[in-house]
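Participant: Mind looking over this structure? Questions follow.
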Amino acid sequence: MSTRGGGIDEETLGFVLDTLKTVTERRLGKATRLHLDEADEFPVDLVDELLGPELGLHLLFLPEEVGGLGGGAYDLLRVSEEMARVDLGVATAFLAIALGVDPIIVGGTDEQRTRWLGRIADEGLIVAYGVTEAAAGSNVAALLTIAEPLPGEDGSIRAYRISGTKQFITNGGVARLYTILARAPGGPSFFVIERDAPGLTVGAPERKHGIRASNTTQVILDGVEVPADQLLGEVEGQGLEQANRVFGFTRLMVAAFGLGAGEEALARAIRYGLERKQFGEPLYRKQGFTHKLIVPHAVRLEAARAYCELVAARLDGGEPGLQVEGSIAKYFATEAGNAAADAAIQAHGGYGYTHEYEVEKIRRDVRITTIYEGTSEIQQSIIGTHRWRQTVRTKGAFYREMAAEVRAGGGDEAAALAADALAETILTAHSKKLPREQWAMFELARLATEVETAAALARKAARSDGGDATLLAACARLHAGTAAHDVATTGERLLRASGLYSDEEIQAHRAATRFDDLLAANDGALELMNAVAESLAG
Ligand SMILES: Cc1cc2nc3c(=O)[nH]c(=O)nc-3n(C[C@H](O)[C@H](O)[C@H](O)COP(=O)(O)OP(=O)(O)OC[C@H]3O[C@@H](n4cnc5c(N)ncnc54)[C@H](O)[C@@H]3O)c2cc1C
C-alpha cells in the first residue's frame, strides 16, 4: 500500500469544494455559528453529515486502496483553508480526524491499514489523536502513559494494559476511535483503541477562549486492555518517528487554517472599510486605515499562500519529510492569520468588538493555531536549529542557491539579496557560536521564515501571468523589501546585543551583507502599498 496519494484531479477537488460550500452554507450559517460559539456546542449532526455519504470529507485523506480519494497535500490545503474560512472549530474536528488517521497510514501494517482505515472510510468514524499529557506538552517524549505487555499462554505478547491521562484531546468526548501514544518497554508507541474499550473514559469538555464548536476533553485510560495487534506497526518504539513523519502534512493543514481564517477576517475588514463612512468618506480612503490595517496583512497572507502552495507541491511530488518546511509554513501562516484577524477587529472599530460582526470570533478561534500541533516557539526552535546547521554545513550555499533560484526564475531581486544576506548573517553569528543563545536562534529562525516566504512569493509572482499578476508582483516586492530590511537591522541588532563583535567586525558584516542595498530594497514602497490597496478594493 502507498502511504498517501499525490492528489486528486482538479475537477474532483472543485467538486469537493463546491459540495463543502453548499453544505456549510445550508448548515453553518451565521446564526448557527454564533449559537455554537456562545453555547460551547459541538455540532454532532453537522460533522456526521460532513462524514456521511453525500460529502464523505474524510475520504479525501484516506488512500484509494481502502475506498478513499487519495487526496494529496494541495487538496488538504485547499479544503482546510475553505473550512477555516467558515468555522475553525468545525475545521479542527476535521483536522483531529486526519491527525488520528495519520499514525495508521504511516505506521500501520498492511493488515492494520486495511482493517482500521477501511472502517473509518466506510463508517465515517470520528477519530481522536491522543498525544498530549499534563507533563508532556511541547516535550512529547516526557509522556507518562504506560503500555504494559501482557503475556499469552505461549509467552508471546497477547495484549497491552494502558494507563494514563491524555490532555486537551480534540474530539475526545465524541470520537469512536482513538490513536493513543503510550510508553511500551520498547519506547513510545501508537495504539488504536475503540471508544467502548473497558477502562476508557473522557473528561468534561474544556471551556475555551475560541474554537468553541470543537470538543476538547481529557481521555482517561485506566488499565485499558488492548490486543497486541492494535499496536501500530506491531513493533514497539516507533511512535515518535511515526508522529514526525507526518508533520509536513499536518502542520501544513494548520497553516491553511491560519491562512483561511486570516483571509476571511481581511475580506470582512476590506468590505467594512469600503462601506463605513467617517469624516465624510469611506474609511478605505484613509491611508492610515489601509496601509496599517489592510495592506500589510494582505501581503503576508499572499506570502503565506505562496509558501504553503510550494510545500504542498513538493509533498505531492513525493519529497519525504519536509519537516522544517512544514514548520515554516505553520509558523508564518498562523502568525499572519492571527495578526490579520486582530487588525480586522480594529478596522471595525467598536463594532469589531461585538459578536455580531464575527471578526472577534475569528480572532479568538485563530488564536489556537499558534499553539496546537506545536507552538510557534517550537516551530522556531525546529527552524532555527535546522537552518543554522544547514547553512553552516553548506558554508552558506543553502541560502545562496535560494537566491540564485529566485534570480533565475525572474523573481524580485530584493528577495535574492535578502537570502544572500541571511547566509552571511548566519555564518557571522555562527563564528562566535551566537545561535547557542536561544533568543538569537529564534530571531534567526524568524529571519529564515521571512526570507523563505519572500523567495516563494517572488518566484510565484514571476511565474504568474493571470489576472492577479500585478497584485502578486506588488505584494512580492513589498514582502521582499520588508524581509531585506529585517535581515539587515535584526542581523546587526543580534551582533551588537551579544557584545561579542567589535565595530570593525560589524562594519565588515555590513559590507558582506550589502546593508545599504538591503535598506534600498524599500525604495518606492509607498506607491506599491497604494497599488495593493487599490487592487484589493476592486
Ligand atoms: C484546543 C486544543 C486542542 C488540542 N488538540 C489536541 C489533540 O487533538 N491531540 C493532542 O495530542 N494534543 C492536543 N492539544 C495539545 C496541544 O498540542 C498542546 O497544548 C501544545 O502542544 C502545547 O503544549 P502545552 O500546552 O503543554 O504547553 P507547554 O509545552 O507547557 O508550553 C508553554 C509555553 O512555553 C513555550 N515553550 C515550550 N517549550 C519551549 C522551548 N523548548 N523553548 C522555548 N519555549 C518553549 C511554548 O511555546 C508555550 O508558549 C490541543 C490543545 C488545545 C488547547
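Participant: I'd like to know if the range 39-48 contains one or more residues that are loosely packed, with under 15 Cβ neighbours inside 10 Å, more than 23 Å from Phe249 (Cβ to Cβ) and either modelled with pLDDT of 95 or more or among the aliphatic types (A, V, I, L, M) (or both).
Facilitator: First pass over the range 39-48, keeping only residues loosely packed, with under 15 Cβ neighbours inside 10 Å: 39, 44-45, 48.
So of that shortlist, the ones also more than 23 Å from Phe249 (Cβ to Cβ) come out as 39, 44-45, 48.
Imposing the further condition that a residue be either modelled with pLDDT of 95 or more or among the aliphatic types (A, V, I, L, M) (or both) reduces the set to 39, 44.
Yes - at least one qualifying residue is present in the range 39-48.
Participant: Looking at Arg113, is it within 24 Å of the chain's Cα centre (by Cα) and more than 16 Å from the ligand (Cβ to nearest atom)?
Facilitator: Answer is no for this residue.
Participant: Among the listed residues Gly7, Gly52, which satisfies the condition of being in a loop (DSSP other than H, G, I, E, B), touching a residue at least 24 places away in the same chain (Cβ under 8 Å) and at negative phi?
Facilitator: Just one listed residue meets the conditions, Gly52.
Participant: Out of the range 55-89, which residues are within 16 Å of the ligand (Cβ to nearest atom), part of a helix (DSSP H, G or I) and either at pLDDT below 95 or among the charged types (D, E, K, R) (or both)?
Facilitator: Of everything in the range 55-89, those that are within 16 Å of the ligand (Cβ to nearest atom), part of a helix (DSSP H, G or I) and either at pLDDT below 95 or among the charged types (D, E, K, R) (or both) turn out to be His58, Phe61.
Participant: Output yes when any residue across the range 433-443 is surrounded by fewer than 18 Cβ atoms within 10 Å (Cβ to Cβ), charged (D, E, K, R) and more than 20 Å from Gln507 (Cα to Cα), and no when none is.
Facilitator: Within the range 433-443 (the criterion being surrounded by fewer than 18 Cβ atoms within 10 Å (Cβ to Cβ), charged (D, E, K, R) and more than 20 Å from Gln507 (Cα to Cα)), the answer is yes, since at least one residue qualifies.
Participant: Right, here's the next one. Restricting to the range 133-150, give me the number of residues that are buried (at least 19 other Cβ atoms within 10 Å of the Cβ) and either within 22 Å of the chain's Cα centre (by Cα) or not in a strand (DSSP E or B) (or both).
Facilitator: 4
Participant: Among the residues of the range 184-194, is there at least one that is under 16 Å from Leu99 (Cβ atoms), in contact (Cβ under 8 Å) with a residue 60 or more places away in the chain, more than 10 Å from the ligand (Cβ to nearest atom) and crowded, with 17+ Cβ neighbours inside 10 Å?
Facilitator: So far as the range 184-194 goes, yes, one or more of its residues are under 16 Å from Leu99 (Cβ atoms), in contact (Cβ under 8 Å) with a residue 60 or more places away in the chain, more than 10 Å from the ligand (Cβ to nearest atom) and crowded, with 17+ Cβ neighbours inside 10 Å.
Participant: Moving to a separate point now. Return a yes/no flag: does the range 450-467 have any residue that is within 21 Å of Gln323 (Cβ to Cβ), assigned to a helix (DSSP H, G or I), within 16 Å of the ligand (Cβ to nearest atom) and in contact (Cβ under 8 Å) with a residue 24 or more places away in the chain.
Facilitator: Scanning the range 450-467 turns up no residue that is within 21 Å of Gln323 (Cβ to Cβ), assigned to a helix (DSSP H, G or I), within 16 Å of the ligand (Cβ to nearest atom) and in contact (Cβ under 8 Å) with a residue 24 or more places away in the chain.
Participant: Still on this structure, please answer the following. Specify which of the listed residues (Gly321, Gly273, Gly280) is at positive phi, touching a helix residue (DSSP H, G or I) at 6+ places or on another chain (Cβ under 9 Å) and of a type outside the set (A, V, I, L, M).
Facilitator: Gly321
Quick grid of which residues meet (1) small (Gly, Ala, Ser); (2) away from the ligand (no atom under 16 Å from the Cβ); (3) within 17 Å of Gly384 (Cβ to Cβ):
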residue: Asp412; (1), (2), (3): no, yes, no
residue: Leu427; (1), (2), (3): no, yes, yes
residue: Ala483; (1), (2), (3): yes, yes, yes
residue: Leu500; (1), (2), (3): no, yes, no
residue: Ala512; (1), (2), (3): yes, yes, no
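Participant: A further question on this structure: Identify the single condition in (1) out of contact with any helix residue (DSSP H, G or I) (no Cβ under 7 Å at 6 or more places or on another chain); (2) buried (at least 20 other Cβ atoms within 10 Å of the Cβ) that Val106 does not satisfy, given that it satisfies every other one.
Facilitator: Among (1) out of contact with any helix residue (DSSP H, G or I) (no Cβ under 7 Å at 6 or more places or on another chain); (2) buried (at least 20 other Cβ atoms within 10 Å of the Cβ), the lone unmet condition for Val106 is (1).
Participant: Select, from Ile294, Ile362, the only residue that is over 20 Å from Ala96 (Cα atoms) and either at pLDDT below 95 or touching a helix residue (DSSP H, G or I) at 6+ places or on another chain (Cβ under 9 Å) (or both).
Facilitator: Ile294
Participant: Does Ile104 fit the bill of being among the β-branched types (Val, Ile, Thr), more than 23 Å from Ala204 (Cα to Cα) and touching a residue at least 24 places away in the same chain (Cβ under 8 Å)?
Facilitator: Here the answer is yes, as Ile104 does meet what is asked.
Participant: Here's another thing I want to ask about it. Among the numbered conditions (1) touching a Gly at 6+ places or on another chain (Cβ under 9 Å); (2) under 29 Å from Thr369 (Cβ atoms), tell me where Val174 comes up short.
Facilitator: The single condition Val174 does not satisfy is (1).
Participant: Of the conditions (1) within 15 Å of the ligand (Cβ to nearest atom); (2) touching a residue at least 12 places away in the same chain (Cβ under 8 Å); (3) among the small types (Gly, Ala, Ser); (4) surrounded by fewer than 23 Cβ atoms within 10 Å (Cβ to Cβ), Ala175 clears all except one; give me its number.
Facilitator: (4)
Participant: How about the range 486-522: which of its residues are free of Cβ contacts under 8 Å to residues at least 24 places away in the same chain and in a loop (DSSP other than H, G, I, E, B)?
Facilitator: Residues satisfying the conditions are Gly499, Ser502.
Participant: Something else: Taking Thr24, is it assigned to a helix (DSSP H, G or I) and without any contact (Cβ under 8 Å) to a residue 40 or more places away in the chain?
Facilitator: The answer is no for Thr24.
Participant: Here's something else I'd like to know. Out of everything in the range 116-132 that is in a helix (DSSP H, G or I) and not small (Gly, Ala, Ser), what residue ends up being nearest to the ligand (Cβ to nearest atom)?
Facilitator: Going residue by residue through the range 116-132, those that are in a helix (DSSP H, G or I) are 116-123.
Restricting the remaining residues to those that are not small (Gly, Ala, Ser) gives 116-117, 119-120, 122-123.
Values: Trp116: 18, Leu117: 19, Arg119: 20, Ile120: 16, Asp122: 23, Glu123: 20 Å.
Step by step, filter the range 116-132, then rank; the result is Ile120.
Participant: Next question, about the same structure. Restricting to the range 353-374, name every residue that is in a helix (DSSP H, G or I), more than 16 Å from the ligand (Cβ to nearest atom), of a type outside the set (D, E, K, R) and surrounded by fewer than 24 Cβ atoms within 10 Å (Cβ to Cβ).
Facilitator: Those that are in a helix (DSSP H, G or I), more than 16 Å from the ligand (Cβ to nearest atom), of a type outside the set (D, E, K, R) and surrounded by fewer than 24 Cβ atoms within 10 Å (Cβ to Cβ): His355, Tyr357.
Participant: Could we say that His386 is surrounded by fewer than 19 Cβ atoms within 10 Å (Cβ to Cβ), within 16 Å of the ligand (Cβ to nearest atom) and assigned to a helix (DSSP H, G or I) here?
Facilitator: Yes.
Participant: Considering only the range 200-214, I want to know if a residue exists there that is out of contact with any Pro (no Cβ under 6 Å at 6 or more places or on another chain), of a type in the set (D, E, K, R), within 16 Å of the ligand (Cβ to nearest atom) and free of Cβ contacts under 8 Å to residues at least 40 places away in the same chain.
Facilitator: There is at least one residue in the range 200-214 that is out of contact with any Pro (no Cβ under 6 Å at 6 or more places or on another chain), of a type in the set (D, E, K, R), within 16 Å of the ligand (Cβ to nearest atom) and free of Cβ contacts under 8 Å to residues at least 40 places away in the same chain.
The values are calculated or read from the model by the stated rules, or taken from the named source; none is laboratory data. Not measured: the values here are computed from a predicted model. Quick reminder, even Gly has a Cβ in these numbers, built from the backbone with ideal geometry, and neighbours come from all protein chains shown.
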